[in-house]
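Some notes on the structure that comes next.
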Ligand code: PXP
């Protein structure tokens, strides 16, 4: 199981004072040294946390695999084509949201997304679509040529009863099986933490987990290295 560490919230702490500390680039270096397989960051149109300078430097640091999360917006597409991450993850983005709230509506935006996938693929950049674990979205993602899907684990992470949690886990499992059968690389993420990650890590068809907030929150207490090592231990066991 590969672990992508999202460093957005190191930038959130820095932006609280509009200064230079803490630096998401330093966090990325520590995460990689502690066993992260890739670095994830979300360059939002409003630049609320990650800045252009961060992405430029993260590109150099995460030389193995940089996963740039982004909206399918022209300005960010142009930036991504210059940065050349190994993979871009297309997400829906609304200015008033606290964080990404749901998966892409791939069926509704099929034509637009197909064009964006073609643009990135011809520049040698793979495209992952962040989607809810639903068959229609998976089928459409495969149809329009995405290389990967990232299954939204938010509903699983936020479910309050054991029943709801099991139901959400079953949906994730079925979605992962279907996506893998269609030849898609399967990632998952959103809301995963030290208490809920293990059942998701056990879904065989999921090849990568992308985790941000819980790792950064723990890093504030115990340091980045230990926070990443602890998560690695849970997902590898
Ligand atoms: N994957 C995607 C597509 C996301 O948008 C986010 C949030 O930026 C994450 C994973 C990480 O979510 P969290 O910060 O809740 O771990």
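Coordinate-derived values only; no laboratory data. Treat the numbers as computed from the prediction; the structure is a model and nothing was measured. Reconstructed Cβ throughout: ideal geometry from the backbone, glycine too, with neighbour counts over all protein chains shown.
Provide the FRET efficiency to the nearest 0.05 for the residue 47-residue 82 pair, computing r from the beta carbons and using R0 = 22 Å.
For R0 = 22 Å, the calculated efficiency reads 0.85.
Viscosity 0.890 mPa s, temperature 25 °C: what is the translational diffusion coefficient of segment 78-143 from Stokes-Einstein with a Kirkwood Rh over Cα pairs, rounded to a whole number of µm²/s?
Calculated translational D: 194 µm²/s.
Would you list 79, 143 from fewest to most Cβ contacts within 10 Å?
Fewest-to-most Cβ neighbours within 10 Å comes out as 143, 79.
Roughly how far apart, in whole Å, are the Cα centres of segment 209-237 and segment 19-93?
Spelled out, the Cα-based centre of one part sits 18 Å from the other.
What FRET efficiency, computed as 1/(1 + (r/R0)^6) with R0 = 35 Å and r the Cβ-Cβ distance, is obtained for residue 73 and residue 136, rounded to the nearest 0.05?
Working from the Cβ atoms, E equals 0.90.
So what is the relative contact order for segment 1-81, in percent, with contacts set as C-alpha pairs under 8 Å and at least six apart? Intermediate results must be reported in sequence, preceding the final value.
Values: 112 pairs, mean separation 25.1, N = 81.
For segment 1-81, the relative contact order is 31 percent.
Please check: in the Gaussian network model of the chain (C-alpha springs, under 10 Å), which one of 185, 120, 195 has the largest mean-square fluctuation.
So, out of 185, 120, 195, the one fluctuating most is 195.
When a footprinting reagent is the concern and you count Cβ atoms within 10 Å, what order do 111, 119, 173 take, fewest first?
Fewest-to-most Cβ neighbours within 10 Å comes out as 111, 119, 173.
Counting each DSSP H run of 4 or more residues in the chain as -39500 (n - 2.57), what helix-only mean residue ellipticity at 222 nm follows after dividing by all residues, to the nearest 500 deg cm²/dmol?
After summing the helix terms and dividing by residue count, I get -14000 deg cm²/dmol.
Calculate how large, on average over all directions, the projected area of the Cα convex hull of segment 51-96 is; give the answer in nm² to one decimal.
Averaging across all directions leaves 3.3 nm² for the Cα convex hull.
Once you wrap a convex hull around the alpha carbon atoms of segment 1-144, what is its projected area averaged over all directions, in nm²?
Result: 8.8 nm².
Using Cα pairs closer than 8 Å and at least 6 residues apart in sequence, work out the relative contact order for the chain, in percent.
With pairs under 8 Å counted, the relative contact order is 19 percent.
Quick one: Kirkwood hydrodynamic radius for segment 136-237, alpha-carbon pairs, angstrom, one decimal?
One decimal place: 14.2 Å for the Kirkwood radius.
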